[in-house]
Amino acid sequence: MNPILRIEHLTKVYPNGVQALTDVSFDVPRGQFVAVIGLSGSGKSTLLRCINRLVEPTSGKVIFDGVDVTACNDAALRRVRRRIGMIFQHFNLVNRSPVVTNVLAGRLGYVNPVWSLINRFSPADMAKANAQLERVGLADKAGNRADALSGGQQQRVGIARALMQDPALILADEPVASLDPVLAHSIMKHLDQINRDDGVTVLCSLHFLDLVHAYADRVVALNDGKLMFDGLPSEIDDAKFKEIYGKEAERVG
Amino acid sequence: MKRSLTIALLIVAAFVIFAYGFSVTQVNLEELGQESRQQALTRILRALAHPDFIAFDQEQVEVNAPVYVPCPAAGEPAYTPDTSGPYMTVTPSCGDPRAEVVVEGVGFAPDTNGVLYFIPDSGVQLQIGRFETDGGGYFQTTVRLRDRESDQAQQLRATTRRNIGNAHLSQNGIDTINKIIETVFMALLATTLGTFLAIPVSFLAARNLMATVTSPVASVALTLILVPLGVWLGGAVTGWLGQTALTLLGDWLPALVGLVVAPVVATILARWAVPPVEKSPPGALVRLLRSIALLAVALLAILAFYLFAALLIAAGERIAPLLGSFAFLGDFIANVGGIIVLVLPIAGALIGGGVFLSIAGRLGNTLADRLSPRTLKAINIVLCAVAGMVLALLIGAAVEWLYQLRQPRLTVVWPAIIGAVLGIIVAVRSRADEPLPLGLAVYGVTRTVLNALRSVEALIMVIVFAVWVGIGPFAGVLALGLHTVAALAKLYSEQVESIANGPLEAVIATGANRLQMIVYAVIPQIVAPYISFTMYRWDINVRMSTIIGFAGGGGIGFLLQQNINLLNYRAASAQIIAIAIVVSLMDYFSSYMRQRVV
Ligand SMILES: Nc1ncnc2c1ncn2[C@@H]1O[C@H](COP(=O)(O)OP(=O)(O)OP(=O)(O)O)[C@@H](O)[C@H]1O
Ligand SMILES: [Mg+2]
């Protein structure tokens with residue numbers, strides 16, 4: 001079976017001249033849980049955001065489920081995006097909207113735009129939204145304003161929103177970096193469950209190696225925009241660690 | 001050393017600036033102290049302290065006493081006044097023409113003014129003096145008799161006015177209240193109109209939304225060519241539908257049937273053309289059929305609106321006379337119909353432009369996607385030449401209309417050539433499929449227009465509108481509304497620029513399109529500040545509408561200016577007080593509302 005995601009010679013130079021990614025290539029088979037690690041500024045976010053073209057790649061290709069994302073026009077790009085869920089470090093919920101509206105926003109790529117503009121969703125979508133909220137344990141919060149929730153709850157809403165997309169791939173950009181360790185594990189468990197039960201491929205950038213060891217099937221490491229390491233979490237020994245994080249880095253945890 | 005030199009220079013500069021300022025603003029301290037100026041100030045302050053709000057019904061009280069000119073031969077006649085009411089004695093009670101007599105009055109109303117008349121045989125009233133009663137209702141004054149001789153008794157008459165009944169609003173008070181209501185409603189209409197127009201404009205003037213809008217050269221060129229065509233076509237088709245509606249309206253029955261059938265058919269068509277969920281992208285034929293259906297929906301909707309408007313006008317005019325003092329409700333209904341008729345061609349033109357805009361965008365994108373770079377480049381050159389020509393011709397037409405040059409070479413031939421050449425240059429220099437920053441161009445134009453509009457005060461705009469629609473509140477509403485659009489759109493767009501970007505990205509990442517992103521991620525973030533800015537603007541509009549009458553915009557300012565010009569300061573005082581009360585009430589109300597939303 002072809003890989004769900006193939007990245008070929010991906011390079012990104014920002015308009016200000018920063019070379020954030022340099023010739024990055026790797027494949028992601030279906031159903032894998034891939035952790036992306038690297039120092040701050042190594043290009044993890046840029047990599048994830050190039051995949052659904054929130055950031056426009058400078059050169060190289062991103063192939064999602066056989067479709068060349070980099071060559072898509074607007075309409076085709078939206079059809080690709082609706083199958084790629086995205087989870088953000090700062091949750092990126094619309095604070096003033098109710099939780100359920102935030103979750104329903106995950107359907108926007110599927111519904112007819114005209115109906116969605118007047119906030120009309122099909123009963124099936126409404127039921128789906130409630131089911132996803134149920135799944136992340138927030139069924140009773142559907143009517144609350146998003147900013148009335150705690151950080152961990154907000155991230156679960158973010159997950160529910162991604163699940164609404166029936167995603168084949170979830171991109172999670174440091175999903176737990178602004179949460180405490182206990183909440184971090186609970187969020188990671190949700191992702192893990194989605195990965196195992198629904199077979200959704202997950203590409204997740206992480207800062208903590210213990211989380212990488214606990215949840216990832218595979219690790220991709222970036223250093224200064226270059227792919228430094230691609231292998232199993234258990235293969236990261238001290239030498240590899242120093243290669244990824246630099247000579248001065250000390251291993252903690 | 002250098003520092004102190006700079007400071008010295010600054011002081012000298014400040015001295016010169018203020019000296020010049022005093023001379024151009026004609027500061028004149030002597031005037032302040034002059035006796036006559038002080039009296040003028042006292043007069044106006046006293047008038048302002050006695051606003052003309054309240055009046056009493058008054059009754060004229062007349063008291064007569066006989067007087068002989070000259071004295072009869074029999075000597076001074078005796079006269080016993082009736083002392084049951086106010087009465088008057090004249091001493092002496094006869095005299096030669098122009099002789100002085102002393103007039104005493106008793107039992108008059110205390111502390112009032114009155115006029116003394118001499119009434120000869122002919123019965124005319126000749127004023128010979130004024131009097132003022134003391135606290136006991138007594139007066140004494142010396143007057144000169146008139147040069148009218150008669151052997152009959154003639155009369156001296158004292159007239160005073162007396163308040164009867166309760167205090168009530170004076171005519172000026174009634175006018176003031178009517179006008180202040182008119183003023184508040186001017187502000188309301190201007191704010192509503194301005195807000196509705198400012199909301200869409202503010203999105204065009206928000207950099208963060210527009211910066212990501214890019215389109216390939218072919219799309220931009222096609223847009224320039226097709227949008228004017230669409231605007232014209234939309235306007236023309238709407239006008240034609242209006243005619244059709246009018247002929248339909250010749251009879252009530254077809255009109256009513258039309259009004260029922262058109263929306264129903266339109267709804268059914270819309271349901272079919274806009275299915276709730278799209279499993280896979282539809283084929284070309286289905287898309288074409290759907291587009292045709294949507295076009296039919298738009299036409300039916302416009303037709304229905306025309307019928308509806310015509311019915312409103314007819315109904316409003318029919319019921320207005322039946323409603324008595326609520327006739328304004330009927331007039332309002334008729335007016336709403338009139339407004340719809342007025343707005344429909346504009347709406348039709350905008351829809352036409354919008355439809356052609358999206359066709360142009362898609363066509364351009366398809367061309368850019370499908371064609372090889374070389375073919376695309378060739379097509380781009382042709383399209384850009386035509387587009388440049390269209391743009392230049394439109395500008396030329398505008399110049400011709402404004403300045404009436406009547407020189408086709410200057411307004412047609414040369415612009416066409418220059419436009420085409422510029423278009424070709426753009427097409428040749430840009431890469432064939434390079435996206436042009438169309439959004440930023442729209443942003444720049446919108447910002448420039450808004451800034452220009454905002455820098456002209458409503459008080460000045462109203463001069464143009466008063467010439468156009470006549471002096472009155474309508475001109476004021478239009479001027480205030482236009483200024484509100486410019487001011488609010490700027491405030492709004494700055495608000496849009498300051499919203500959190502994360503939610504926008506998150507919604508875009510789900511595969512939503514730009515419009516969905518605006519509805520789901522932008523609007524929820526801006527509702528509260530928009531309301532608060534609107535209230536703030538409402539506040540300003542109330543203030544402005546109180547003075548816009550000075551320049552012909554109706555409302556209370558018109559009345560105030562008239563009274564000031566007539567030196568009628570007591571009446572003006574009433575209007576000034578009304579303005580102060582209403583403005584401070586609105587101020588309080590709007591700040592209360594703003595606190596509630598934010
Ligand atoms: N929009 C941008 N414009 C210019 N440079 C950018 C932009 N976004 C990121 N960069 C630069 O690109 C490089 C990679 O940034 P990126 O955000 O991808 O790193 P990261 O690995 O996600 O870091 P962190 O762990 O801090 O999130 C950095 O040097 C950063 O300064
Ligand atoms: Mg990052």
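Every read-out reported here was derived from the displayed coordinates using simple, explicitly stated rules and does not represent laboratory data. This structure is a prediction, so every number in the text was calculated from the model and none was measured. All Cβ positions, even for glycine, are placed from backbone atoms using ideal geometry, and neighbour counts span all protein chains on display.
Mind checking the angle between helix B:327-370 and chain B's longest principal axis? C-alpha axes, 0 to 90 degrees, to the nearest 10.
20 degrees
Rounding to the nearest 20 debye, state how big the charge dipole of segment B:58-169 is about its Cα centre with +1 on each Lys and Arg Cβ and -1 on each Asp and Glu Cβ. All intermediate terms of the calculation are to be shown ahead of the outcome.
Details: 8 positive and 14 negative charges, 56 e Å.
Once rounded to the nearest 20, the dipole reads 280 debye.
Projecting each Cα onto the charge dipole of segment B:58-169 (Lys/Arg +1, Asp/Glu -1 at the beta carbon, about the Cα centre), which of B:G114, B:Q140, B:L156 comes out farthest on the positive side?
The one lying farthest along the dipole's positive direction is B:G114.
What is the gain in length, in nm to one decimal, between B:N501 and B:A398 on full extension, counting 0.36 nm per residue of separation less the C-alpha to C-alpha distance?
Contour length minus the Cα-Cα distance gives 33.1 nm.
Tell me the mean residue ellipticity at 222 nm calculated for chain B from its helices only (DSSP H runs of n ≥ 4, each -39500 (n - 2.57), averaged over every residue, nearest 500).
Mean residue ellipticity at 222 nm (helix-derived): -22500 deg cm²/dmol.
How many partner chain Cβ atoms sit within 10 Å of a residue's Cβ in peptide A:111-123, on average, as a whole number?
Per residue, the average neighbour count from other chains is 4.
No partner Cβ under 4.7 angstrom, meaning no disulfide-compatible partner by this rule: which Cys of the protein assembly as shown qualify?
A:C50, A:C72, A:C204, B:C384
For the protein assembly as shown, max minus min Cα coordinate along each principal axis, in Å, sorted largest first?
Extents along the principal axes, in whole Å: 147, 76, 66.
Could you tell me the relative contact order of segment A:32-109? Use alpha-carbon pairs under 8 Å, at least six residues apart, and round to a whole percent.
Answer for segment A:32-109 is 19 percent.
What size of dipole, in debye to the nearest 20, comes out for segment B:1-86 about its Cα centre when the only charges are +1 on Lys and Arg C-beta atoms and -1 on Asp and Glu C-beta atoms?
It comes to approximately 1200 debye.
Given a Förster distance of 22 Å, report the FRET efficiency between B:A109 and B:R43 from their Cβ-Cβ distance, rounded to the nearest 0.05.
After rounding, the FRET efficiency stands at 0.25.
Positive end of the dipole of segment B:2-46, charges at C-beta (+1 Lys, Arg; -1 Asp, Glu), about the Cα centre: which of B:V24, B:A14, B:I44 has its Cα farthest in that direction?
Projecting each Cα onto the dipole axis, the largest value belongs to B:A14.
Can you return the aspartates and glutamates within cross-link range of B:K490? Criterion is Cα-Cα under 18 Å, with same-chain partners fewer than 8 residues away left out.
B:E457, B:D539
Going down the table (A:K12/A:K61; A:K128/A:K189; A:K61/A:K240; A:K44/A:K240; A:K12/B:K377; A:K141/A:K189), which pairs top 23 Å between alpha carbons?
Distance filter (> 23 Å) returns A:K61/A:K240; A:K12/B:K377.
Run the reach check for A:K247 against aspartates and glutamates, Cα to Cα strictly under 12 Å, same-chain hits fewer than 8 apart removed. What comes back?
Filter leaves A:D238.
Tell me the Kirkwood hydrodynamic radius of chain A in angstroms, computed as one over the mean inverse distance between distinct C-alpha pairs.
18.7 Å
What relative contact order, as a whole-number percentage, does chain A give when Cα pairs under 8 Å and 6 or more residues apart are counted? Each step should come with its number before you reach the end.
Numbers: 477 pairs, mean separation 67.3, N = 253.
Averaging sequence separation for qualifying contacts and normalising by length gives 27 percent for chain A.
Can you give the relative contact order of segment B:108-160 as a percent, counting alpha carbon pairs under 8 Å and 6+ residues apart? Walk me through the numbers before you get to the answer.
Numbers: 91 pairs, mean separation 24.3, N = 53.
Across segment B:108-160, relative contact order equals 46 percent.
Relative to the longest principal axis of the C-alpha atoms of chain B, give the angle of the C-alpha long axis of helix B:438-454, reported between 0 and 90° and rounded to the nearest 10°.
Around 10 degrees separate the two axes.
Would you mind checking the tilt of helix B:2-24 against the longest principal axis of the Cα atoms of chain B, expressed as 0 to 90 degrees and rounded to 10?
60 degrees
What size of dipole, in debye to the nearest 20, comes out for the protein assembly as shown about its Cα centre when the only charges are +1 on Lys and Arg C-beta atoms and -1 on Asp and Glu C-beta atoms?
For this selection, approximately 3280 debye.
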